[in-house]
Amino acid sequence: MDTSYSIKPPSVHPLQVLVIDDEKNIRVALAAYLEGMGCRVLTVATAGAALSALESQPFDLAFLDLRLREISGLELLPKLLSVNPRLAVVMITAYATIDTAVAAIKRGARDYLPKPLSPAQIKHVVDGLAERLNLYRQVEELQAHLREAVPEVILATASVKMQATLDLVEKVAPTEISVLLLGENGTGKGVIARWLHTQSRRAGGPFVLVSCPTLSEELLASELFGHVKGAFTGATRDREGRLEAAHGGTLFLDEVSEISLGLQAKLLRMLQEKQFERLGENRTRRVDVRVVAATNRNLEEEVKAGRFREDLFFRLNAVQISIPPLRERREDIPMLARRFLDFFARQTRRPTPELSSSALNALLSYSWPGNIRELRNVMERAMILWPSQVIEPGAFPENIASQISAAPVLGGDYTLERIDREHILRVLARTTTLEEAAHILGIDSSTLWRRRKKYDEES
Ligand SMILES: Nc1ncnc2c1ncn2[C@@H]1O[C@H](COP(=O)(O)OP(=O)(O)OP(=O)(O)O)[C@@H](O)[C@H]1O
């Protein structure tokens, strides 16, 4: 997923903490306490060591002594923040005065605490920061979804392969069966999962997404099952998990292969018995969800390699639906490109531009490793960068624009079969029915159908 995004992805548990103090006793005591809370701690005695530690590691939090031997903590503070602007700095001092506290906060410290620090004070700082980072992460996920929000799901297709996929989706949607969606990144697994939900009897209930790989094991467990206050660092109050939030609806587990073996066991129990406990809680809760899972890995191989439980695989895989990559449904590229252009044109209140034939050529010749997501991004970029009403290859990134030369030209060094194939695929791409394409090509529809099937299978 694209990360060009205003809020930096925060680190998740465990918190990385830097302790900067020239008194060994303080360093040792603070480190022991922080480690006891599950933090990863590095202690340093000098400003130089602190700066070089920050340059090499992404710390979340620093405890900074106000009076270091060679430099004041107040002087060091802006230097630390210039290396890592997201660092939360807590000034600590045995000589607390209101003036220095104000100065520290003005320079960017998050907190100011008098020595000796009590365990309760340290816990308060750590829990508060863990919760804030967790909120950042949730905001980041939401913003990423908003940024990618699908204006309108495009379910039209001219591809035999994709049509077979959509037929299967339509068949299983109204049932309660678990569905496993397979497909490369950006092929639309999330879009199809949401569509499955809207076509199901659960459409009036919630659709809840859990993106498995973005979270550490502990955080994912808490995200799924919820937790009670005190279950781990940062668990400052009881919280329901996404499982409960999905009650009566659909739970979408994206990139399910990334779930650790420990969590897989819990998930299996939930699927088998519809029961689970929040982290740190004895009470057993019941939940009614339909699970749709997705992966871009070969789960059977993960099972063979011992990384994925076979019984969980069978539970999730009641029906398997493969979504073809865009390069295997090239005939859809022009239609999808135009639909995205139309969407972005409406958003920017411009008339929808056309694609020149060389622009179309470039799009059709490119391999689209990022699939529909990449096509959508390329169309959005073209709308921003290309003011004219006819989009030319120059509106596309260089790796796509340069594809035109790879397309076969009449009279070039190409076999008849390559020209035949390219011509058929392009005519199919710009026409709306098979009959219309067959008419242009001067062959009957059944011959064209067979050729298209063959090309689909070869690609
Ligand atoms: N059928 C579709 N109609 C409209 N837009 C689509 C469609 N399929 C995919 N997209 C676009 O591509 C983006 C990626 O789709 P989606 O997140 O569903 O893919 P994915 O296969 O789940 O990808 P990943 O594995 O990276 O999570 C969507 O946000 C949307 O912009």
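Side notes on the structure shown:
- Search result, residues across region 59-79 that are farther than 14 Å from Asp111 by Cβ, touching a residue at least 40 places away in the same chain (Cβ under 8 Å) and in a helix (DSSP H, G or I): Leu76
- Top-ranked residue of region 168-190 - restricted to ones that are of a type outside the set (Val, Ile, Thr) and more than 16 Å from the ligand (Cβ to nearest atom), ranked as nearest to the chain's Cα centre (by Cα): Ser178
- Among residues of region 178-200 that are under 13 Å from Thr295 (Cβ atoms) and not assigned by TED's automatic domain parsing to the domain that holds Ser367, those with a beta-carbon under 6 Å from a residue that is in a helix (DSSP H, G or I) and near the ligand (Cβ under 6 Å from one of its atoms) at least six positions away or on a different chain give the pairs Leu181/Lys189; Gly183/Lys189.
- So Leu64, is it closer than 12 Å to Asp21 by Cα, over 38 Å from the mean Cα position of the chain (by Cα) and either aliphatic (A, V, I, L, M) or surrounded by fewer than 22 Cβ atoms within 10 Å (Cβ to Cβ) (or both): no
- Tabulated pairs, region 141-157, first of a type in the set (Gly, Ala, Ser), second modelled with pLDDT under 75 and near the ligand (Cβ under 9 Å from one of its atoms), C-beta under 7 angstrom, 6+ apart or interchain: Ala144/Met1
- Among residues that are without any contact (Cβ under 8 Å) to a residue 40 or more places away in the chain and assigned by TED's automatic domain parsing to the domain that holds Ala49, Asp167 is not included.
- Per this entry, Ala362 is counted among residues that are at pLDDT 85 or above and either under 25 Å from Gln163 (Cβ atoms) or out of contact with any Cys (no Cβ under 9 Å at 6 or more places or on another chain) (or both).
- The single condition among (1) in a helix (DSSP H, G or I); (2) away from the ligand (no atom under 11 Å from the Cβ); (3) over 30 Å from Ser260 (Cβ atoms) that Asp311 does not meet is (3).
- Here the condition is being away from the ligand (no atom under 16 Å from the Cβ) and more than 30 Å from Val125 (Cβ to Cβ); of Ala246, Ala193, it holds for Ala246 alone.
- Residue satisfying condition, being in contact with a Ser or Thr (Cβ under 7 Å, 6 or more places away or on another chain), assigned to a helix (DSSP H, G or I) and crowded, with 16+ Cβ neighbours inside 10 Å, within set Ile372, Ile400: Ile372
- Ser405 at pLDDT below 95, surrounded by fewer than 14 Cβ atoms within 10 Å (Cβ to Cβ) and closer than 14 Å to Pro334 by Cβ: no
- Of all residues in region 347-389 being under 21 Å from Val191 (Cβ atoms) and among the β-branched types (Val, Ile, Thr), the one that is nearest to the ligand (Cβ to nearest atom): Ile372
- The criterion of at least 3 residues that are among the charged types (D, E, K, R) is met by the following helices (runs of 4 or more DSSP H) wholly inside region 194-276: 217-225, 261-273.
- Flag if Leu54 is touching a residue at least 60 places away in the same chain (Cβ under 8 Å), buried (at least 20 other Cβ atoms within 10 Å of the Cβ) and not in a strand (DSSP E or B): no
The values are calculated or read from the model by the stated rules, or taken from the named source; none is laboratory data. Everything numeric in this text was worked out from a predicted model, so none of it was measured. FYI the Cβ positions are ideal-geometry reconstructions off the backbone, even for glycines, and counts take in every protein chain you see.
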